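The values are calculated or read from the model by the stated rules, or taken from the named source; none is laboratory data. What you see is a predicted model; the values in this text were computed from it and never measured. We place every Cβ from the backbone using ideal geometry, glycine too, and count neighbours over all the protein chains shown. Keep in mind that these areas ignore ligands, DNA and RNA; they rest on the heavy atoms of the full protein, side chains included. Shrake-Rupley method; radii C 1.70, N 1.55, O 1.52, S 1.80 Å.
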Amino acid sequence: MASLLLLSSCNEEASTAKPLPQLSGIYPHLAYYNQEGECGTGAVVPWADRLWVITYGPHLPNGSSDQLYEITPDLEQIVRKESIGGTPANRMIHPESQQLFIGPYAIDQQGQVRTIPYQQMPGRHTGNALHLEQPEDKIYYGTMEEGFYEVDVHSLEVKELYEDANGLKGDQYSTLLPGAHGKGLYSGQGVLVYSNNGEPSEEALKQFDIPSGVLAEWNGKDWKTVRRAQFVEVTGPGGIYGNENPETDPIWATGWDHKSVLLGTRDADTGWSFYRLPKASHSYDGAHGWNTEWPRIRDVGTKDQPDYLMTMHGMFWRFPKTFTAGNSAGVRPRSAYLKVIGDFARWKSQLVFGCDDSAKKEFLNKRKVKGGIEGPGQSNSNLWFTDFDTPDQLGPNTAAGAVWLDEPVAANITSEPFLFAGWPKRSCWLHNAGNEATTFTFETDADGTGQWQPLISHTLKPGENTRVTFDRNQSGEWIRVKADRATMVTAHFYYADEEERSTQAATMFEGLATTDQSKVLGGLLYGLGDNRKSLGVAATNFSGTQADDYRYYELNEKLELQPKEDPKTLDFITGQFAIPQNVVTVEESSVLVVDDSGRRWRFPLGDPRFSELTNAGVLRIAREVATERDLLNLHGTFYELPAENADGFAKVRPVASHPFRIHDYASYRGLLVMTGIDPAAGKGNEHVIVSDDEQAAVWAGAIDDLWKLGKPTGQGGPWKNTAVQADEPSDPYLIGFYDRRSLELSHQSAEPVTFTIEVEPIGHGPWMEYQQVTVPPGEAYTHPFPADFQARWIRFVADQNTSVTAFLEYK
């Protein structure tokens, strides 16, 4: 909802109060900019009756144009004069000295700020931890390039323990530990635990499934590698205060590999234990580690009612304060999200998320389907305020992950536990790629106490696969698998929630023009640079697919859309941000996309009118509106599209389908802004902003409002009266994440044709046989997919040359 607040301007001196708006919990005046290739939110901490926020640039170990911000209870944004920038994401409240350490700053209870210069403590500060021997007087700082320091909390004297690899020299990598791109730091049980989530190699810039990252610990003398994988958060029940009982409280770590999310706990008596969770999104993958920002586990409850919220791979999770290896019950999925979140906190009866919204550089996230489009002229991000129940109310929590992925396993050795509780629809794709028949036994831990019981067994011949389904009565916190002999195996779990959305868009989208409208207000969008901090809009009137002359407008922080005389900027936008032509192929049966690696993918069709609009080049197809991933708008469906280095189209996730002819969309001050407006239909809708002359209009809200457009739907297939060759598979066609799915398969041969229907549940795993059906001449095979069926892609193979139609409908 929008509202008006009386707020002061964003400086340390009082100024004339002005009414400033908010949309979907985003206050445009609270946006922050820098002069770097990225402006992410490193930390968000309530302290001294204020909300403190730091931003970061991409690789700036010795300072930058980033700032320390102080947000007052009435939402005045104060830029602190002590700011020295950098790439910080550390935060810790030191209980004994009653100070907040955030970035290179120490803030007392009165809000007085002291700064530790980067000359004394260089590096990209990524974490703080209580000192192992003198926690009352000292804390640790850790950097992304494995610099480690002791800091006296009283004097701020710095003692270097290990030199930051950058030093004062610039962009360097450390050789102290495996991996690169440090993330988490925490202490307890006599050790300092550190994580990183990347790999310093050219191979890591392109491949997502190579060994990468590390979880390591230090006993005060020596470093030890705990596990080679991409780890991020390291924390415990004490959160940013440090554990209250450091000798006995657990330490938690989150991470991932190319198979699934990893969750570790270090218990004082038993050491490290690891569990696996499914991924909702693959946009966080990438062996370089750049696509994640800072996933967190944080208490957003009260002192009397703790409530731990975890962010990991595009899912909000409920996390139990009591989580240990002997009491592992209670991890639950909440809902999926699209924002890129760097930190979050409870503040003033709301949740506040610090996001990474709009990076000028866009890093490795380039692809042909976007054309030559540039990033914004200046990096910027914002805070996002929500209700406490918002993490339960966004996207469906459909998620998937493997314990084994086309890999050798030994006989009678169990997999790591995989989360089993929290979804009504559960299945596992099991594939025996070995040379012998093998029996696979699933076991469950009913209550998280480590007591395992057999659940079900399946015997598979060499090369055989099956879809194991679990009914709602088969309960348990965790599940694991073992094989009775050594073999090659894939065991990939796929979980889905009930789809509760309808196909109708929420009223907040009223004013977006529909495909049956000819007269539409369009506009190309560009976030301006050079500290102009406005959104440039090259507005135009459409009549059908014909646009008239462009006119220049700017959207400011007050959400006023005003005409401007600026021919140079207008020419720049219409030239550099024109919608690219012919980057996808709309066919009678589906939309064909050929990605940058030459891989072919087919997508469902929406309203037939999208075909003409797409072919005419009047609909934006793809654009980055959250850092290092794209929003794809293809034939009436929005998709989350990972960067190519995170496997791109293979891991696409449908968000919502819609009937709107959206001309362009972009990120601005944390908002998602869209054009293609019918101003008359949008009257009274706070999300529709129209210029006073009524010649320009935009829609604005949060990217996660898109879930409210309606559930994904579509129809089509890889073949429509297509001449096919025997034993040659069709192109992959998207089937994952949809609700009510059905298939009709027919051919034009005079003889029966046998079809093998194959699915690919993973995106980079083996194709598996779903069904083999023989279709008589003149007949059609119809198949409603079971409600608990999930896979990512589907394809078809005929046993003879023929002409085939494979039609799928998703309702």
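Quick grid of which residues meet (1) touching an Asp or Glu at 6+ places or on another chain (Cβ under 7 Å); (2) at pLDDT below 95; (3) crowded, with 17+ Cβ neighbours inside 10 Å; (4) small (Gly, Ala, Ser):
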residue: Asp445; (1), (2), (3), (4): yes, no, yes, no
residue: Gly448; (1), (2), (3), (4): yes, no, yes, yes
residue: Ile456; (1), (2), (3), (4): no, no, no, no
residue: Asn465; (1), (2), (3), (4): yes, no, yes, no
residue: Val468; (1), (2), (3), (4): no, no, yes, no
All positions within region 506-522 that are part of a loop (DSSP other than H, G, I, E, B) and either among the aromatic types (Phe, Trp, Tyr) or open to solvent by less than 40 Å² (accessible area, probe 1.4 Å) (or both): Ala506, Gly511, Ala513, Thr515
Members of region 69-120 that are touching a helix residue (DSSP H, G or I) at 6+ places or on another chain (Cβ under 9 Å) and surrounded by fewer than 19 Cβ atoms within 10 Å (Cβ to Cβ): Pro95
Of residues in region 715-753 being basic (Lys, Arg) and assigned to a strand (DSSP E or B), the one least open to solvent (accessible area, probe 1.4 Å): Arg741
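Condition check ((1) farther than 30 Å from Asn645 by Cβ; (2) open to solvent by less than 40 Å² (accessible area, probe 1.4 Å); (3) without any contact (Cβ under 8 Å) to a residue 40 or more places away in the chain) across all residues:
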| residue | (1), (2), (3) |
| --- | --- |
| His131 | yes, yes, no |
| Pro135 | yes, yes, no |
| Glu150 | yes, yes, yes |
| Tyr162 | no, no, yes |
| Gly179 | no, yes, no |
| Gly190 | yes, yes, no |
| Asn196 | no, yes, no |
| Asp209 | no, no, no |
| Gly220 | yes, yes, no |
Test: residue in region 390-403 that is of a type in the set (S, T, N, Q), open to solvent by less than 10 Å² (accessible area, probe 1.4 Å) and touching a Leu at 6+ places or on another chain (Cβ under 9 Å): no
Filtered residues of region 243-280 (kept if acidic (Asp, Glu) and either part of a loop (DSSP other than H, G, I, E, B) or in contact with a helix residue (DSSP H, G or I) (Cβ under 9 Å, 6 or more places away or on another chain) (or both)): Glu244, Glu247, Asp249, Asp257, Asp269
Condition met for Thr302 (over 12 Å from the mean Cα position of the chain (by Cα), hydroxyl-bearing (Ser, Thr, Tyr) and either crowded, with 18+ Cβ neighbours inside 10 Å or in a loop (DSSP other than H, G, I, E, B) (or both)): yes
Criterion (of a type outside the set (Asp, Glu), buried (at least 22 other Cβ atoms within 10 Å of the Cβ) and more than 25 Å from Ala791 (Cα to Cα)) met by exactly one of Ile703, Ile762: Ile703
Given (1) open to solvent by 20 Å² or more (accessible area, probe 1.4 Å); (2) in contact with a strand residue (DSSP E or B) (Cβ under 9 Å, 6 or more places away or on another chain); (3) over 26 Å from Gly372 (Cβ atoms); (4) modelled with pLDDT of 95 or more, number of the condition Ser502 does not satisfy: (2)
Pairs where the first residue, in region 475-499, is modelled with pLDDT under 95 and the second is assigned to a strand (DSSP E or B), C-beta under 6 Å, 6+ apart: none
Selection count, region 699-710, where residues are part of a loop (DSSP other than H, G, I, E, B) and within 19 Å of the chain's Cα centre (by Cα): 1
Total residues in region 754-777, condition assigned to a loop (DSSP other than H, G, I, E, B) and touching a residue at least 40 places away in the same chain (Cβ under 8 Å): 6
Residue in region 260-279 that is of a type in the set (Gly, Ala, Ser), in contact with a Leu (Cβ under 8 Å, 6 or more places away or on another chain) and free of Cβ contacts under 8 Å to residues at least 60 places away in the same chain present: yes
Selection from region 305-353 of residues that are assigned to a strand (DSSP E or B), open to solvent by 20 Å² or more (accessible area, probe 1.4 Å), under 20 Å from Asp497 (Cβ atoms) and in contact (Cβ under 8 Å) with a residue 24 or more places away in the chain: Arg332, Arg334
Region 381-434: number of residues that are in a strand (DSSP E or B), over 19 Å from Tyr275 (Cβ atoms) and aromatic (Phe, Trp, Tyr): 3
Scan of region 601-612 for residues that are within 22 Å of Leu521 (Cα to Cα) and open to solvent by less than 10 Å² (accessible area, probe 1.4 Å), ordered by number: Phe610
Check on Thr175, of a type in the set (Val, Ile, Thr) and either buried (at least 24 other Cβ atoms within 10 Å of the Cβ) or closer than 25 Å to Met315 by Cα (or both): no
Number of positions in region 546-571 that are assigned to a helix (DSSP H, G or I), open to solvent by less than 70 Å² (accessible area, probe 1.4 Å) and over 20 Å from Asp692 (Cα atoms): 1
Identity of the residue in region 765-779, open to solvent by 50 Å² or more (accessible area, probe 1.4 Å) and of a type in the set (S, T, N, Q), that ends up farthest from Thr490 (Cα to Cα): Thr774
Filter result for Tyr141 (touching a residue at least 24 places away in the same chain (Cβ under 8 Å) and touching a Lys or Arg at 6+ places or on another chain (Cβ under 9 Å)): no
1 or more residues over 25 Å from Tyr32 (Cα atoms): qualifying strands (runs of 3 or more DSSP E) within region 55-146: 91-94, 125-130, 138-143
Pairs where the first residue, in region 64-85, is within 15 Å of Gly111 (Cβ to Cβ) and at pLDDT 95 or above and the second is surrounded by 18 or more Cβ atoms within 10 Å (Cβ to Cβ) and of a type in the set (Gly, Ala, Ser), C-beta under 7 Å, 6+ apart: Leu68/Ser83; Leu68/Gly103; Glu76/Ser8
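With respect to Phe231, is the statement that it is in contact with a Gly (Cβ under 8 Å, 6 or more places away or on another chain) and open to solvent by less than 20 Å² (accessible area, probe 1.4 Å) true? Reasoning before the result, please.
On the way: in contact with a Gly (Cβ under 8 Å, 6 or more places away or on another chain): yes; open to solvent by less than 20 Å² (accessible area, probe 1.4 Å): yes.
Considered against the rule, which asks whether it is in contact with a Gly (Cβ under 8 Å, 6 or more places away or on another chain) and open to solvent by less than 20 Å² (accessible area, probe 1.4 Å), Phe231 comes out as yes.
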Pro679 vs. criteria in contact (Cβ under 8 Å) with a residue 60 or more places away in the chain, outside any strand (DSSP E or B) and surrounded by 24 or more Cβ atoms within 10 Å (Cβ to Cβ): no
Search result, residues across region 479-499 that are open to solvent by less than 40 Å² (accessible area, probe 1.4 Å) and out of contact with any Lys or Arg (no Cβ under 9 Å at 6 or more places or on another chain): Val481, Ala483, Thr487, Val489, Thr490, Ala491
Selection from region 616-666 of residues that are small (Gly, Ala, Ser), assigned to a strand (DSSP E or B), out of contact with any Gly (no Cβ under 7 Å at 6 or more places or on another chain) and more than 15 Å from Asp595 (Cα to Cα): Ala626
